Amino acid sequence: MALAALSGQRAHYSRPVDAERIRIDLDEHVADVRLTRADKHNGLDRRMFAALNEAIDALRAEPDLRAVVLSGEGPSFCAGLDVASFAADGEGVDEAGFELGGEEIANSYQRVAYGWRQLVVPVIAALTGACLGGGLQIALGADLRIAAPDTVMSVMEIEYGLVPDMSLTQTLPRLVRDDVARDLVFSGRRVGAAEALELGLVTRIADEPLAAAQAVAAAVAARSPAAIRRAKQLLNEAPTLAPAAGLALEAELQRELLDRAGQPGSTG
């Protein structure tokens, strides 16, 4: 079943995504993506990594998608790597996960976080409880983050003698000062919602973050999808370009929209 066939109606989509790890519902061009391993605070085991990559693939293939809401079932958004599950299966680190596939710039571990930034539509993350390690990196891949007052965030890889390697270098520096990023990475300290808002890690705090995220997504979906997609492209790409190239991209995307304005029935 293709997601495109579900546009304009509420429907459950679970293939090829592992429904015991991720659920996708589509309603009025908005995908509601939920991590469903609530009993483990949506910890990242091998199946969760695979399911997140599958979910991103499914959403990439949906031409009528206009926005995504990303959340976790249960008390937490995502508590990070489920170290116990990796230790229990005795398979160790899967080296294939570090390899790049096709034209991808992110490996499969990085892609579960950076893949949300690469989607052509805005992604709004609704955060609750633990948002730690890999979970934080997934949240930072979203365009907006709405956090519950009980949200706790940490770049906790240092606790295991590791560096953050799920695209944090491409997301955190855009949100906080360099010294703040270094403090968070070097210390692994935990940050509550109020401090996260002050630092720039979250967009805002809401008592009901999922409802707030859904409202934002609905508002985005009501806008011109062509303009929204190009606005995200502009914000993704322009900051890394030289001034001349950034200004040229602004003009190029605007001309595309103006050209489309003269085409009857054009929305994408």
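The values are calculated or read from the model by the stated rules, or taken from the named source; none is laboratory data. Here the structure is a predicted model, which means the values were calculated and not measured. When we count neighbours, we look across all protein chains shown, and the Cβ atoms used for this are built from the backbone with ideal geometry, even at glycine. Note: areas computed on protein heavy atoms with side chains; ligands, DNA, RNA excluded. Shrake-Rupley method; radii C 1.70, N 1.55, O 1.52, S 1.80 Å.
One table, with the values for the structure above:
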| read-out | value |
| --- | --- |
| Solvent exposure ordering (accessible area, 1.4 Å, most first) of GLU62, GLU195 | GLU195, GLU62 |
| Helix axis angle, 225-237 relative to the chain longest principal axis, alpha carbon, degrees | 50 |
| Charge tally in the Cβ shell below 10 Å around PRO225, where Lys, Arg are +1 and Asp, Glu are -1, PRO225 excluded | +3 |
| By average C-beta atoms within 10 angstrom, highest first, the peptides 254-260, 160-166, 115-121, 217-223 | 115-121, 217-223, 160-166, 254-260 |
| Cα gyration tensor category, rounded, prolate or oblate, for the chain with a/c compared to 1.5 | prolate |
| In nm, spacing of pseudo-spin labels at GLN254 and GLU195 (7 Å Cα→C-beta vector) | 4.2 |
| Order by protection proxy (mean Cβ within 10 Å, highest first), peptides 67-73, 204-210 | 67-73, 204-210 |
| Sequence of LYS232, LYS40 from largest to smallest accessible area, 1.4 Å probe | LYS40, LYS232 |
| Dipole in debye (nearest 20) - the chain, about Cα centre, beta carbon charges: Lys, Arg +1; Asp, Glu -1 | 660 |
| Cα long-axis angle, helix 178-187 against the chain (0 to 90 degrees, to the nearest 10) | 30 |
| Positive-end residue, the chain charge dipole about Cα centroid, Cβ charges, pick of GLY192, LEU100, ALA51 | GLY192 |
| Within the chain, percent of DSSP bridges classed antiparallel, to nearest 5 | 35 |
| ³J(HN,Hα), Karplus 6.51/-1.76/1.60, whole Hz, each residue of segment 78-89, x for Gly, Pro | 6, 7, x, 4, 7, 4, 4, 5, 5, 5, 5, 7 |
| ³J(HN,Hα), Karplus 6.51/-1.76/1.60, whole Hz, each residue of segment 213-219, x for Gly, Pro | 5, 5, 5, 4, 4, 5, 5 |
| FRET efficiency for ARG60 and LEU100, using Cβ-Cβ distance with R0 set to 22 Å, rounded to 0.05 | 0.85 |
| Summed residue charge, Cβ within 15 Å of GLU157's Cβ, Lys/Arg positive, Asp/Glu negative | -1 |
| Cut-off under 5 Å, modelled amide H: who pairs with VAL152 long-range | GLY129, ALA130, CYS131 |
| Amide H contacts of ASP64 (H built 1.01 Å from N, under 5 Å, at least 5 apart or other chain) | none |
| Estimated vicinal HN-Hα couplings, Hz - segment 100-110 in sequence order (Karplus 6.51, -1.76, 1.60; Gly, Pro = x) | 8, x, x, 9, 5, 9, 10, 6, 5, 6, 5 |
| For ASP32, distant residues with modelled amide H under 5 Å away | ASP25, LEU26, ASP27, VAL69 |
| Sequence of PHE186, PHE77, PHE86 from largest to smallest accessible area, 1.4 Å probe | PHE186, PHE86, PHE77 |
| Cα-based shape type of segment 133-208, given that a ≥ b ≥ c are square roots of the gyration tensor eigenvalues and the cut on a/c is 1.5 | prolate |
| Extension gain (nm, one decimal) between SER187 and ALA226, 0.36 nm per residue minus Cα-Cα | 9.8 nm |
